[in-house]
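Below is one structure, written out as structure tokens; comments come after it.
The values are calculated or read from the model by the stated rules, or taken from the named source; none is laboratory data. Just so it is clear, the model here is predicted, and its values are computed rather than measured. As a convention, Cβ positions derive from the backbone with ideal geometry for all residues, glycine included, and neighbour counts pool all protein chains shown.
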Number of protein chains: 2
Amino acid sequence: MPNPTAAMLVIGDEILSGRTRDSNMYHLAGELTRHGIVLKEARVVADDQAAIIAAVNALRAAYDEVFTSGGIGPTHDDITAEAIAAAFGVPIGVRDDARAILEAHYARSGTELNAARLRMARIPDGARLIDNPISRAPGFSLGNVHVMAGVPNIFEAMLASVLPTLTGGDPLLSQSLRVMRGEGEIAKPLADLALEFADLTFGSYPFVRDGAYGTNLVVRGTDAARLDAAMIRLAAVVTPA
Amino acid sequence: MPNPTAAMLVIGDEILSGRTRDSNMYHLAGELTRHGIVLKEARVVADDQAAIIAAVNALRAAYDEVFTSGGIGPTHDDITAEAIAAAFGVPIGVRDDARAILEAHYARSGTELNAARLRMARIPDGARLIDNPISRAPGFSLGNVHVMAGVPNIFEAMLASVLPTLTGGDPLLSQSLRVMRGEGEIAKPLADLALEFADLTFGSYPFVRDGAYGTNLVVRGTDAARLDAAMIRLAAVVTPA
């Protein structure tokens, strides 16, 4: 059975302006690979309702799962929940279970649950809440779209709640070989091998170290025995005689 | 006059598998902001011809400039140049000026310009070369699409060649204010101010430090005097009386 596919949608002006360096994509990519879900595409869009709606509708139609990060806080630029509801064409409002979570949290810290904070209990109709063990305000899943916070430790905690609920595939395995030869030197035997092992993917990543060219070769697939076989052949063809 | 818009397209399985952490998006975002070009969207796709074609055609139609990174080396998984040619519907082949650059480079180092390396001289018809001061193999611009290497120092050097040739706008200015109050505390006055200064954008980025909630507030725009005025009002409305 082919592995399930996924896409990521990062929402936030701060990434596109260069103010903040996104780290959630890298985290998600690694976690999905371990879970046997293939991340096929990622997009970053601004805090703009039309842009979020267009991206989420394109991605949820094309892939099995969609993970979003950012835009679910209490301020005026946090418009992700509204945009997701609009993308699905469902109503959105303050939901009792989400409100109860916030009430309990703010009561413990003696902080007022004001109108701005209450916005974080706005959940599109039909969504399942995603637990936020850190700052409590929940994320949610609607259909195949999983809406999570942008703050990295909260994103990571929410993903840890969601991932076990999703059907994964065979874990995507990889093996790598580091050779001190330039890419251009080994491109031909590598291409031949990629044709021979068409069920695996072969990646080639050049580097320069102490003025000498080297290449990291990475073979990926789900069948450990095939990977082993490919690595033995790879070592033979890229090592100078 | 509104600022020109841009998109980025990152091409590479290694980013989506979590093997490599992309850094070119963050670099590009900062450089474009300084140059007065607004980065509106970024996408990451795999080394897959159909995916590259679809993304580049969507982005070049929607934005003034498109910057790509990755997939222009000598190996079988480097398919960006072919995909860009296909997206524009133009032929591609080894071009004399690109071949001359590679010939001179490999002659200096006494390395053979083999068939794999010669692939790096394949340039779509009508493209302008982008200088690569580091490893010589050029990038290219075709229409409003600027095709650059994925290796970060080469990407950065190529971008430095391209950027001065593009029409920028007024630089995008930003000022920020750090307050030790939670986002939910200041969301209302911040939203009111964003309405009052509709020509500026107001961003709000929460953090936790030593167990206390704080928020970085960022105001962006192109008019320095308006930014100054907004910052004075901002400081007044978010500071507890």
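Being assigned to a helix (DSSP H, G or I), closer than 30 Å to B:G221 by Cα, in contact (Cβ under 8 Å) with a residue 24 or more places away in the chain and in the same structural domain as B:M148 (by TED's automatic domain parsing) is the requirement here; does B:L9 meet it? Here the answer is no, as B:L9 does not meet what is asked. Run B:A191 past the list (1) more than 12 Å from chain A (Cβ to nearest Cβ); (2) of a type in the set (A, V, I, L, M, F, W, C); (3) without any contact (Cβ under 8 Å) to a residue 24 or more places away in the chain and report the number of the one that doesn't hold. Here B:A191 meets the rest and fails (1). Note on region B:162-191: residues that are surrounded by fewer than 14 Cβ atoms within 10 Å (Cβ to Cβ) and at pLDDT 90 or above amount to 4.
Evaluated against (1) surrounded by fewer than 24 Cβ atoms within 10 Å (Cβ to Cβ); (2) under 16 Å from B:N144 (Cα atoms), B:G36 falls short on exactly one condition, (2). Take the conditions in contact with a strand residue (DSSP E or B) (Cβ under 7 Å, 6 or more places away or on another chain) and surrounded by 18 or more Cβ atoms within 10 Å (Cβ to Cβ) and apply them to A:A230. Does it pass? Yes: the conditions hold for A:A230. Scanning region B:201-223 for residues being within 11 Å of B:V179 (Cα to Cα), more than 8 Å from chain A (Cβ to nearest Cβ), among the small types (G, A, S) and crowded, with 18+ Cβ neighbours inside 10 Å gives a total of 0. Does B:N144 satisfy the criteria of being within 14 Å of another protein chain (Cβ to nearest Cβ) and surrounded by fewer than 22 Cβ atoms within 10 Å (Cβ to Cβ)? No: the conditions fail for B:N144. Can you name the residue in region B:12-60 that is among the β-branched types (V, I, T) and in a strand (DSSP E or B) and, of all such residues, is farthest from the other protein chains (Cβ to nearest Cβ)? Among those residues, the one meeting the criterion is B:V38. Among the conditions (1) of a type in the set (A, V, I, L, M); (2) within 12 Å of chain B (Cβ to nearest Cβ); (3) surrounded by fewer than 18 Cβ atoms within 10 Å (Cβ to Cβ), A:L129 misses just one, which is (2). Of the strands (runs of 3 or more DSSP E) lying entirely inside region B:70-141, not one carries at least 2 residues that are modelled with pLDDT under 95 and within 19 Å of A:I186 (Cβ to Cβ).
Filter region B:65-100 down to residues that are polar (S, T, N, Q) and closer than 30 Å to B:G36 by Cβ and give me whichever is farthest from the chain's Cα centre (by Cα). Looking at residues that are polar (S, T, N, Q) and closer than 30 Å to B:G36 by Cβ, I get B:T80.
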